[in-house]
Amino acid sequence: MKGGRHPVGTGRRAALLVLAAALVAGCSAFEAKRSVAAAPYYPRAEAPVSTASVAPRPPPARPVRRTSELANPVAVAAKQPRKTVGCWAVVRPLRTRALAFAAVVRTRARVHVTPGGESLARYDRLNANGVPTVFGVLGQANCGGRWLRVQVPSRPNGVLAWVRARDVQLVRVHTRIEVDLSARRVTLYRSGRELIAATAAVGATDTPTPTGSFYVNQRLVPSHPGGPFGPGAIGVSAFSPVLQDWIQGGPIAIHGTNRPDLLGGAVSHGCVRIRNDLLVRMFRLAVAGTPVVIRA
């Protein structure tokens, strides 16, 4: 089991807890038959941003797909009629290198190809792992702030959609993570200043770590910090480009390790491993909604 690259097996505890462990199934060195618990999404000091003043009443609901039945957004978008005018023609950016926003689902939220257009999926307040559903915010439509341009945690990687501002709660995020695969390095910034730099183990040649612009969509804590995931896992809204049949689609995470001797190598199923003490610090700072850029 060099590199310990085996998928997660079925646990003996409750099914919901096993699903949480599956977040890092595609990246660990060993089987993980341990339950996990959700970690706080953002510190108390981070005050939510109200959107109630700009939220209109929604149109009548219509049947849509659940996240487990999410259609290919690229194909759906191609079928949408091209519109040259509309309140979304100009999007005001809401993300810089020093400040970003997380959109936390209040009760449930639909994401759309265009504001008021075809629905791609519906997301509930809690995701499959029992933790809050969060989108990464890129901007808002220039029409009273009623619609937000967001990243969503689904295949294919890099899906963008629109969500009604009234269905989410905005939270300020001051952190950013950059992963350099060729340098095998992970760096966390806060308010534009580098705080943590760590040597990393990344995906092997046949199970590479995906590249692109993502965000932290969930954080999980293993019940045994001495295990293959270390003391925690920072879930990223990216999926393995090759392990599509794995539990929950082969999600990617930044997590600790019980094999520090493998750090600096290309040995995982796609996840990024760093030293446990640095993971603890990064976990505390990298709140949900933190932008994550992974480059080759």
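The values are calculated or read from the model by the stated rules, or taken from the named source; none is laboratory data. Computed from a prediction, not measured in an experiment: that's the story for all the values here. Neighbour counts run over all protein chains shown; Cβ positions are idealised from the backbone, glycine included.
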query = Would you pick out the residues in region 125-182 that are among the small types (Gly, Ala, Ser) and assigned by TED's automatic domain parsing to the domain that holds Ala253?
reply = Ser182
Scan of region 173-216 for residues that are among the charged types (D, E, K, R) and surrounded by fewer than 21 Cβ atoms within 10 Å (Cβ to Cβ), ordered by number = Glu178, Asp180, Arg184, Arg185, Arg190, Arg193, Glu194, Asp206
ask   = Just one of Pro225, Pro210 is under 26 Å from Ser154 (Cβ atoms) and of a type outside the set (A, V, I, L, M, F, W, C); which is it?
value = Pro210
message = Condition check: in the same structural domain as Val179 (by TED's automatic domain parsing), modelled with pLDDT of 95 or more and touching a helix residue (DSSP H, G or I) at 6+ places or on another chain (Cβ under 9 Å). Does Ala233 satisfy that?
response = yes
note = Among strands (runs of 3 or more DSSP E) entirely inside region 107-192, those with 1 or more residues being touching a residue at least 60 places away in the same chain (Cβ under 8 Å) are 134-141, 147-151, 160-164, 168-173, 175-180, 185-190
remark   = Out of (1) crowded, with 22+ Cβ neighbours inside 10 Å; (2) in a loop (DSSP other than H, G, I, E, B), the one Ala102 does not meet is (2)
query = Counting only residues that are surrounded by 24 or more Cβ atoms within 10 Å (Cβ to Cβ), in contact with a strand residue (DSSP E or B) (Cβ under 6 Å, 6 or more places away or on another chain) and outside any strand (DSSP E or B), how many does region 233-259 have?
reply = 2
